Amino acid sequence: MSTPQAWNPADPRSRPSREQVLAGLRGTDAGGEELVQLLTPEGQRLSDPRFDAYADDVDAESIKALYRDMVLVRRADREGNALQRQGQLGIWVPLLGQEAAQIGAGRALQPQDMAFPSYREHGVAWCRGIDPTDLLGIFRGTDNGSWDPLATRFNLYTIVIGNQCLNAAGYAMGQRFEGKVGDGPDAEATICFFGDGATSQGDVHEGFVWAAAYDAPVVFYCQNNQWAISVPLERQTRVPLYERARGYGFPGIRVDGNDVLACLAVTRWALEECRTGNGPVLIEAYTYRMDAHTTSDDPSRYRLADELELWKLKDPIERVRVNLVREHHVGSEFFDGVAAEADELAARLREFCLAMPDPAPDRMFSEVYTEPSPLVEAERAEFLAYHASFEAVD
């Protein structure tokens, strides 16, 4: 058995110790007062005096809608994964296992709020009205995102790890400067999504500092999925991530990231805090990445299968299904209908992807600067001449 010091995740012969494997589970197994949970892995509805008021409108129909969201988003995610494996996408970033963390937070947003994603927030995009087909161009390499960030109130995906935290902090500062924070119905807030690995990046800490200094109305939403690619959480921090907020002077809270009701309630609370001038807030959604970091990753090289099997028992979709059956007596007709709708979505996604046209050869030059650049234009002409020389040979 390897020790924490000897374990090398890049070496397939090296294995983490039992303690390392279990460390990622203690947060939800042991729980504790710091973990907000409204729905257990067995589907039992719990009460939390701090957040019940933010979930008291969630009835059977609302839970059915959240279930539908998570199933459709998971199905789209699985189809994207398959399309990459079949050579139709250059890469795909799976969200498998993080559906509750994303749908709960996404459905907590008001239309006027602004969201800044990383590159895995397919569920939040869904909640902001962005069709999954609009995501394909990013991973096929044909565009940087085909939606309007201002119209959808959902920024374009950010590939640079943690950079969106600076963008979100700056945007939220602007909301405060423009007087969009207060008690009125049109008050705004910003939410920024990132993973546990991003918390080791300087951009995230700078975003925390600026947001705290200017009381920016921004919710920093960390999806702690336990692995920063091959680096486990215990290699990144000595304290739970939500406790880091204390050092910057704003509140932090840990929520069960596999509990869609808790994620919804806690995010509603945090956004309200920000809209009324009490921000920023850090949320640590304690969840688990059940697939690879991206399709370029092989998680079997650095984590044990037993760890994945244990987390499958906490599946975010299954606990909602059980709750609907046991407490609301929802029958198979509803679940069969959602499954059929998910299959239709996957088929539409595949059909769209296969029909996507290849971009023109010189498109890489047209998306560099807003204004024409003599240097770029010269490089474009040289490239097109080089490209045309191959056609002449044919």
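All of the numbers you see were taken from the coordinates with simple rules; none came from a lab. No experiment lies behind these values; they were computed from the predicted model shown. Here the Cβ is made from the backbone with ideal geometry for all residues, glycine too, and neighbour counts use every protein chain on show.
In table form, for the structure just shown:
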quantity	calculated
Other-chain or far-sequence residues with amide H under 5 Å of TRP227's (modelled H)	ARG289
Fewest-first sequence of ASP57, ASP315 by Cβ atoms within 10 Å of each Cβ	ASP57, ASP315
DSSP beta bridge pairing in the chain, given as percent antiparallel to the nearest 5	10
Calculated FRET efficiency for the pair THR142/VAL376, C-beta based, R₀ 22 Å, to 0.05	0.65
The chain: angle of helix 202-213 to the longest principal axis, Cα-based, in degrees nearest 10	60
Residue-count net charge about ARG244 - beta-carbon cut-off 15 Å; Lys, Arg +1, Asp, Glu -1	-4
Likely footprinting exposure, TRP147, TRP210, TRP92, fewest C-beta neighbours within 10 Å first	TRP147, TRP210, TRP92
Nearest 10 degrees, 0 to 90: helix 163-177 Cα axis against the chain principal axis	70
Rh by Kirkwood over Cα pairs, then Stokes-Einstein D for segment 288-385 at 1.306 mPa s and 10 °C, µm²/s	83
Sites ILE159 and GLU333, calculated FRET efficiency, Cβ-Cβ separation with R0 56 Å, nearest 0.05	0.85
Of SER118, SER373, SER230, the one that fluctuates the most in a GNM where the chain has Cα springs shorter than 10 Å	SER373
Within the chain, helix-based [θ] at 222 nm, where runs of 4 or more DSSP H residues each add -39,500 (n - 2.57), nearest 500	-14000 deg cm²/dmol
Pairwise Cα inverse-distance average, inverted: Kirkwood Rh of segment 76-180 (Å)	14.5
Simple spin-label estimate for SER200 and ALA355 in nanometres, 7 Å along Cα-Cβ	4.4
Around LEU95: net Lys/Arg minus Asp/Glu count, Cβ-Cβ under 13 Å	-1
Candidate lysines for bridging to LYS64, where Cα separation is under 20 Å - those fewer than 8 sequence places away on the same chain excluded	LYS314
Contour excess over end-to-end distance, with Cα ends at ARG235 and LEU384 and 0.36 nm allotted per residue	48.8 nm
Tail beyond 38 Å, pair distance distribution of the chain (Cα, percent)	22
Alpha-carbon Rg/Rh ratio, for segment 223-289, with Rh computed the Kirkwood way	1.01
Degrees separating the helix 316-328 axis from the principal Cα axis of the chain, which is the longest one	50
